[in-house]
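Values in this text are rule-based calculations from the coordinates and carry no lab data. From a predicted model like this one, the values you see are computed outputs, not experimental measurements. Glycine gets a Cβ as well: all are built from the backbone with ideal geometry, and neighbour counts include every protein chain shown.
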Amino acid sequence: MLIKESEIADIVTPTGDMRLHIFRPLAPGKYPGILMYSEIFQVTAPIRRTAMMLAGHGFIVACPEIYHELEPAGTVLGYDEEGTVRGNAHKITKELSSYDTDARAVLDYLKSRDDCTGRLGVMGICIGGHLAFRAAMNPDVLATTCFYATDIHKKGLGLGTNDNSLDRVPEIKGELLHIWGRQDPHVPLEGRNLVKARLDEVGTKYTWHEFNGQHAFMRDEGHRYDPALVLQSWGLLLELFHRRLGYGDLDIVADTAAAESRH
């Protein structure tokens, strides 16, 4: 599907205004909504391309600037040592509760849009995978995909680095998809096993995939990018989101002219 050039929406949260980058199909109609979380670097070019890919499959995608309390609107951190240090420092400077109120604000925004069906999913990469995991605790989230979610196993999110993500797993009522890289030093085998055991303990509905890949294998910049794994991952992600969230108005395209207007 053709997609619309990204829009900007500044929404109100309990900790200040937060900028969203919105990507959606060009064709009119209603589509499911996806809250998509970035890495620690915020909405970089690879994140934008990922969001556009998702939008092109029939979703309204909202990417928040996760450090809106700590950086001016529009800030993008570099994929370098300075950006990494800054992003990791912000990760544990921001209050844990504000990550949750941010998630709720984005979900409410998506539901309020006239072009959204109200069926909601979440996706996240790296720290975004952890934030997606927490956003899945909202009862109206039907499907969530977490790519190599960092720090869940060691409670390393938010001020004080003692998050309660594993404690709150019973709150997840939708379906989860976890995708990991076995060669990811940020989430070693014992960490992955800890998360999986907790999901099993409480009976979470989930699918689990471990690939022979490094951290950030989804990012289409840098030496860790693995296009073959990305292709497989997209198949898993889209199967989940289309099955649980539907196709919106794509389900009721009745004539060739309407269908062609989407491509």
Handout entry: Convex hull volume per residue in cubic angstrom - Cα atoms of the chain
Key = 115
Practice task
Would you kindly state how much longer the chain becomes between M52 and T93 on full extension, computed as 0.36 nm times their sequence separation minus their alpha carbon distance, in nm to one decimal?
Solution key: 11.8 nm
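How high is the FRET efficiency between I8 and R182 when r is their beta carbon distance and R₀ equals 35 Å, given to the nearest 0.05?
Working: r = 38 Å, r/R0 = 1.08.
My answer for the efficiency is 0.40.
With both bridge residues required to lie in the chain, what share of the DSSP beta bridges run antiparallel, to the nearest 5%?
Working: 12 of 38 bridges.
DSSP beta bridges in the chain are roughly 30 percent antiparallel.
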Handout entry: Principal-axis tilt of helix 45-55 within the chain, Cα atoms, nearest 10 degrees
Key = 50
Problem - Using a Förster distance of 30 Å, the FRET efficiency for V76-W208 (Cβ separation, nearest 0.05) - result: 0.40
Practice task
Between D220 and L238, with labels modelled 7 Å along Cα→Cβ, what's the label distance in nm to one decimal, could you check?
Solution key: 1.3
Practice task
May I ask you to work out the translational diffusion coefficient for the range 119-168 at 25 °C, viscosity 0.890 mPa s, via Stokes-Einstein with Rh from the Kirkwood sum over Cα pairs, reported in whole µm²/s?
Solution key: 227
Practice task
Could you please rank Y37, Y31, placing first whichever residue has the fewest other Cβ atoms within 10 Å of its Cβ?
Solution key: Y31, Y37
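Could you work out [θ]222 nm for the chain from helices alone, using -39500 (n - 2.57) per DSSP H run of at least four and dividing by all its residues? Round to the nearest 500 deg cm²/dmol. Write out the running numbers ahead of the final one.
On the way: 7 runs with 86 residues, N = 263.
For the chain, the value works out to -10000 deg cm²/dmol.
What full-extension length gain, to one decimal in nm, is calculated for T84 and L189 as 0.36 nm per residue of separation minus the Cα-Cα distance? Could the numbers behind the result be given before it?
Values: separation 105, 0.36 × 105 = 37.80 nm, distance 2.34 nm.
Using 0.36 nm per residue and subtracting the Cα-Cα distance, I get 35.5 nm.
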Problem - Farthest toward positive dipole pole in the chain [+1 Lys/Arg, -1 Asp/Glu at C-beta], among T84, N162, P28 - result: N162
Practice task
Using Cα positions and a limit of under 26 Å, work out the lysines in reach of K154, with same-chain residues fewer than 8 apart set aside.
Solution key: K91, K94, K173, K196, K205
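Answer rounded, prolate or oblate for the range 71-192, using the Cα gyration tensor with square roots of eigenvalues a ≥ b ≥ c: rounded when a/c is under 1.5, else prolate when a/b is larger than b/c, else oblate. Mind dumping the intermediate values first?
On the way: a/c = 1.66, a/b = 1.24, b/c = 1.34.
Because a/c hits 1.5 or more and a/b fails to exceed b/c, the range 71-192 counts as oblate.
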Handout entry: the range 7-260 - charge dipole about Cα centre, Lys and Arg +1 at Cβ, Asp and Glu -1, debye rounded to 20
Key = 500
Exercise for the section: State the antiparallel share, in %, of DSSP beta bridges confined to the range 4-77, rounding to the nearest 5. Expected result: 80
